[in-house]
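The structure appears right after this line, and notes come after that.
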Amino acid sequence: VRRLVQFFSTAALTQIVLMLSQVILLPIQIRLWGQEATAAWYAALALAAITTVVDCGLRTAGHAELMRFAGQPMEDPAARDYFGQVWGWIRILVSVGTIALIAGDFFRSSVLHGGHYELWRAALTCAYALETVLIIRIVYLDTLGYYRGAEISYLFFAASRLVLAIPALLFFRFQLAGLAWLFLATSVFALALQGRLLCRRIPVLRVF
(Lines give C-alpha, C1' and ligand atoms only; values in the text may rest on other atoms or scores of the structure.)
Protein backbone atom coordinates (compact mmCIF):
# COMPACT_ATOMS: atom_id res chain seq x y z
CA VAL A 1 0.00 0.00 0.00
CA ARG A 2 2.85 2.37 0.85
CA ARG A 3 4.44 1.88 -2.55
CA LEU A 4 1.08 2.43 -4.24
CA VAL A 5 0.60 5.70 -2.37
CA GLN A 6 4.12 6.84 -3.28
CA PHE A 7 3.49 6.00 -6.94
CA PHE A 8 0.23 7.93 -7.15
CA SER A 9 1.67 10.84 -5.17
CA THR A 10 4.53 11.20 -7.63
CA ALA A 11 2.21 10.79 -10.61
CA ALA A 12 -0.16 13.40 -9.20
CA LEU A 13 2.67 15.87 -8.63
CA THR A 14 3.83 15.34 -12.20
CA GLN A 15 0.36 16.09 -13.55
CA ILE A 16 0.17 19.21 -11.41
CA VAL A 17 3.51 20.43 -12.78
CA LEU A 18 2.38 19.75 -16.36
CA MET A 19 -0.85 21.65 -15.72
CA LEU A 20 1.05 24.56 -14.19
CA SER A 21 3.26 24.67 -17.27
CA GLN A 22 0.23 25.52 -19.37
CA VAL A 23 -1.35 27.88 -16.86
CA ILE A 24 1.84 29.84 -16.12
CA LEU A 25 3.67 29.88 -19.45
CA LEU A 26 0.79 30.77 -21.75
CA PRO A 27 0.05 34.24 -20.27
CA ILE A 28 3.78 35.04 -20.19
CA GLN A 29 4.17 34.01 -23.83
CA ILE A 30 1.21 36.09 -24.97
CA ARG A 31 2.51 39.15 -23.13
CA LEU A 32 6.09 38.72 -24.36
CA TRP A 33 5.56 37.42 -27.90
CA GLY A 34 2.09 38.61 -28.83
CA GLN A 35 -0.83 36.51 -29.97
CA GLU A 36 0.46 35.73 -33.46
CA ALA A 37 3.84 34.38 -32.36
CA THR A 38 2.24 32.47 -29.48
CA ALA A 39 -0.21 30.89 -31.91
CA ALA A 40 2.74 29.87 -34.12
CA TRP A 41 4.42 28.28 -31.09
CA TYR A 42 1.40 26.20 -30.15
CA ALA A 43 0.82 25.19 -33.77
CA ALA A 44 4.41 23.90 -33.88
CA LEU A 45 3.79 22.23 -30.51
CA ALA A 46 0.77 20.40 -31.90
CA LEU A 47 2.85 19.13 -34.82
CA ALA A 48 5.66 18.03 -32.50
CA ALA A 49 3.15 16.17 -30.30
CA ILE A 50 2.50 13.74 -33.18
CA THR A 51 5.80 12.08 -32.21
CA THR A 52 4.02 10.68 -29.14
CA VAL A 53 2.06 8.21 -31.30
CA VAL A 54 4.54 7.29 -34.04
CA ASP A 55 5.52 4.07 -32.25
CA CYS A 56 2.19 2.65 -33.50
CA GLY A 57 1.40 1.03 -30.16
CA LEU A 58 4.57 -1.06 -29.97
CA ARG A 59 5.16 0.16 -26.41
CA THR A 60 2.22 -2.02 -25.37
CA ALA A 61 3.70 -5.06 -27.07
CA GLY A 62 6.95 -4.66 -25.17
CA HIS A 63 5.08 -4.17 -21.90
CA ALA A 64 2.99 -7.32 -22.42
CA GLU A 65 6.10 -9.35 -23.19
CA LEU A 66 7.82 -8.28 -19.98
CA MET A 67 4.71 -9.09 -17.94
CA ARG A 68 4.62 -12.60 -19.37
CA PHE A 69 7.81 -13.61 -17.58
CA ALA A 70 7.93 -13.87 -13.81
CA GLY A 71 10.91 -13.10 -11.62
CA GLN A 72 13.67 -11.33 -13.52
CA PRO A 73 12.45 -11.11 -17.12
CA MET A 74 15.66 -9.64 -18.47
CA GLU A 75 17.48 -12.84 -17.54
CA ASP A 76 15.24 -14.87 -19.84
CA PRO A 77 16.85 -15.06 -23.32
CA ALA A 78 13.49 -15.22 -25.10
CA ALA A 79 12.15 -12.17 -23.27
CA ARG A 80 15.39 -10.26 -23.79
CA ASP A 81 15.55 -10.99 -27.51
CA TYR A 82 11.90 -10.20 -28.14
CA PHE A 83 11.99 -7.03 -26.11
CA GLY A 84 15.22 -5.96 -27.81
CA GLN A 85 13.45 -6.18 -31.17
CA VAL A 86 10.43 -4.23 -29.92
CA TRP A 87 12.61 -1.53 -28.30
CA GLY A 88 14.70 -1.30 -31.47
CA TRP A 89 11.65 -0.82 -33.67
CA ILE A 90 10.25 1.80 -31.31
CA ARG A 91 13.43 3.86 -31.63
CA ILE A 92 13.41 3.42 -35.41
CA LEU A 93 9.77 4.50 -35.71
CA VAL A 94 10.29 7.53 -33.47
CA SER A 95 13.39 8.54 -35.46
CA VAL A 96 11.72 8.06 -38.86
CA GLY A 97 8.53 9.78 -37.70
CA THR A 98 10.50 12.75 -36.37
CA ILE A 99 12.46 13.11 -39.61
CA ALA A 100 9.25 12.83 -41.64
CA LEU A 101 7.54 15.54 -39.57
CA ILE A 102 10.49 17.90 -39.89
CA ALA A 103 10.76 17.23 -43.64
CA GLY A 104 7.03 17.80 -44.13
CA ASP A 105 7.14 21.00 -42.10
CA PHE A 106 10.16 22.20 -44.09
CA PHE A 107 8.40 21.42 -47.38
CA ARG A 108 5.27 23.26 -46.30
CA SER A 109 7.14 26.34 -45.09
CA SER A 110 9.82 26.63 -47.76
CA VAL A 111 8.26 25.13 -50.87
CA LEU A 112 4.52 25.59 -50.60
CA HIS A 113 4.56 28.95 -48.81
CA GLY A 114 7.92 30.14 -50.14
CA GLY A 115 9.06 31.27 -46.72
CA HIS A 116 12.11 30.70 -44.57
CA TYR A 117 12.09 27.53 -42.46
CA GLU A 118 12.84 28.28 -38.83
CA LEU A 119 15.13 25.73 -37.18
CA TRP A 120 13.47 26.14 -33.81
CA ARG A 121 10.53 24.17 -35.17
CA ALA A 122 12.82 21.20 -35.82
CA ALA A 123 14.33 21.59 -32.35
CA LEU A 124 10.87 21.52 -30.77
CA THR A 125 9.94 18.38 -32.73
CA CYS A 126 13.14 16.65 -31.62
CA ALA A 127 12.47 17.70 -28.02
CA TYR A 128 9.09 15.99 -28.05
CA ALA A 129 10.49 12.92 -29.81
CA LEU A 130 13.04 12.48 -27.02
CA GLU A 131 10.31 13.04 -24.46
CA THR A 132 8.35 10.23 -26.13
CA VAL A 133 11.32 7.88 -25.69
CA LEU A 134 11.62 9.03 -22.08
CA ILE A 135 7.96 8.24 -21.37
CA ILE A 136 8.04 4.85 -23.11
CA ARG A 137 11.11 3.87 -21.12
CA ILE A 138 9.29 4.89 -17.94
CA VAL A 139 6.56 2.38 -18.83
CA TYR A 140 9.14 -0.39 -19.10
CA LEU A 141 10.95 0.66 -15.94
CA ASP A 142 7.60 0.53 -14.13
CA THR A 143 7.11 -3.00 -15.43
CA LEU A 144 10.52 -4.06 -14.14
CA GLY A 145 9.80 -2.70 -10.66
CA TYR A 146 11.62 0.64 -10.91
CA TYR A 147 8.38 2.57 -10.81
CA ARG A 148 9.37 5.04 -8.10
CA GLY A 149 12.61 6.10 -9.78
CA ALA A 150 10.95 6.11 -13.19
CA GLU A 151 8.10 8.38 -12.10
CA ILE A 152 10.47 10.67 -10.22
CA SER A 153 12.59 10.99 -13.36
CA TYR A 154 9.58 12.32 -15.29
CA LEU A 155 8.61 14.63 -12.41
CA PHE A 156 12.16 15.99 -12.40
CA PHE A 157 12.01 16.49 -16.17
CA ALA A 158 8.68 18.35 -16.10
CA ALA A 159 9.66 20.48 -13.10
CA SER A 160 13.09 21.40 -14.47
CA ARG A 161 11.59 22.47 -17.79
CA LEU A 162 9.07 24.70 -16.03
CA VAL A 163 11.59 26.14 -13.56
CA LEU A 164 14.01 27.00 -16.38
CA ALA A 165 11.36 28.30 -18.79
CA ILE A 166 9.88 30.88 -16.41
CA PRO A 167 13.07 32.93 -15.84
CA ALA A 168 14.10 32.36 -19.46
CA LEU A 169 10.93 34.17 -20.55
CA LEU A 170 10.58 36.72 -17.77
CA PHE A 171 14.19 37.80 -17.27
CA PHE A 172 16.10 36.75 -20.38
CA ARG A 173 13.25 37.46 -22.80
CA PHE A 174 13.62 34.22 -24.73
CA GLN A 175 11.82 34.24 -28.05
CA LEU A 176 10.39 31.16 -29.79
CA ALA A 177 13.77 29.84 -30.90
CA GLY A 178 15.34 30.20 -27.47
CA LEU A 179 12.51 28.39 -25.70
CA ALA A 180 12.50 25.59 -28.29
CA TRP A 181 16.22 24.96 -27.81
CA LEU A 182 15.70 25.05 -24.05
CA PHE A 183 13.01 22.38 -24.39
CA LEU A 184 15.40 20.27 -26.47
CA ALA A 185 18.19 20.67 -23.90
CA THR A 186 15.92 19.56 -21.04
CA SER A 187 14.77 16.52 -23.02
CA VAL A 188 18.34 15.46 -23.80
CA PHE A 189 19.44 15.97 -20.20
CA ALA A 190 16.46 14.12 -18.70
CA LEU A 191 16.87 11.15 -21.06
CA ALA A 192 20.61 10.94 -20.36
CA LEU A 193 20.10 11.24 -16.60
CA GLN A 194 17.41 8.57 -16.61
CA GLY A 195 19.71 6.25 -18.52
CA ARG A 196 22.60 6.95 -16.19
CA LEU A 197 20.71 6.47 -12.92
CA LEU A 198 18.12 3.82 -13.79
CA CYS A 199 19.29 1.85 -16.82
CA ARG A 200 22.90 1.01 -15.96
CA ARG A 201 21.86 -2.48 -14.86
CA ILE A 202 19.38 -2.91 -17.71
CA PRO A 203 21.43 -2.69 -20.93
CA VAL A 204 18.43 -3.62 -23.05
CA LEU A 205 16.84 -0.24 -22.21
CA ARG A 206 19.71 1.82 -23.52
CA VAL A 207 18.84 4.30 -26.23
CA PHE A 208 22.15 3.95 -28.10
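Data table
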read-out	value
Residue within the range 173-181 that is of a type outside the set (K, R), surrounded by fewer than 20 Cβ atoms within 10 Å (Cβ to Cβ), modelled with pLDDT of 90 or more and under 23 Å from V54 (Cα atoms) present	yes
Selection status of A185, under 22 Å from Q15 (Cα atoms), in contact with a Leu (Cβ under 6 Å, 6 or more places away or on another chain) and in a helix (DSSP H, G or I)	no
Test result for V96, at pLDDT 95 or above, surrounded by 11 or more Cβ atoms within 10 Å (Cβ to Cβ), assigned to a helix (DSSP H, G or I) and under 20 Å from the mean Cα position of the chain (by Cα)	yes
Condition met for I50 (touching a Gly at 6+ places or on another chain (Cβ under 9 Å) and either polar (S, T, N, Q) or modelled with pLDDT of 95 or more (or both))	yes
Any hit, the range 119-130, residues being open to solvent by 20 Å² or more (accessible area, probe 1.4 Å), closer than 20 Å to I50 by Cβ and more than 14 Å from the chain's Cα centre (by Cα)	yes
Extreme residue, nearest to I28 (Cα to Cα), among residues of the range 156-167 that are free of Cβ contacts under 8 Å to residues at least 60 places away in the same chain and surrounded by 15 or more Cβ atoms within 10 Å (Cβ to Cβ)	L164
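The values are calculated or read from the model by the stated rules, or taken from the named source; none is laboratory data. Since the model is a prediction, treat every value here as computed from it, not as a measurement. We place every Cβ from the backbone using ideal geometry, glycine too, and count neighbours over all the protein chains shown. Areas reflect the complete protein model, heavy atoms only, side chains present, ligands, DNA and RNA absent. Shrake-Rupley method; radii C 1.70, N 1.55, O 1.52, S 1.80 Å.
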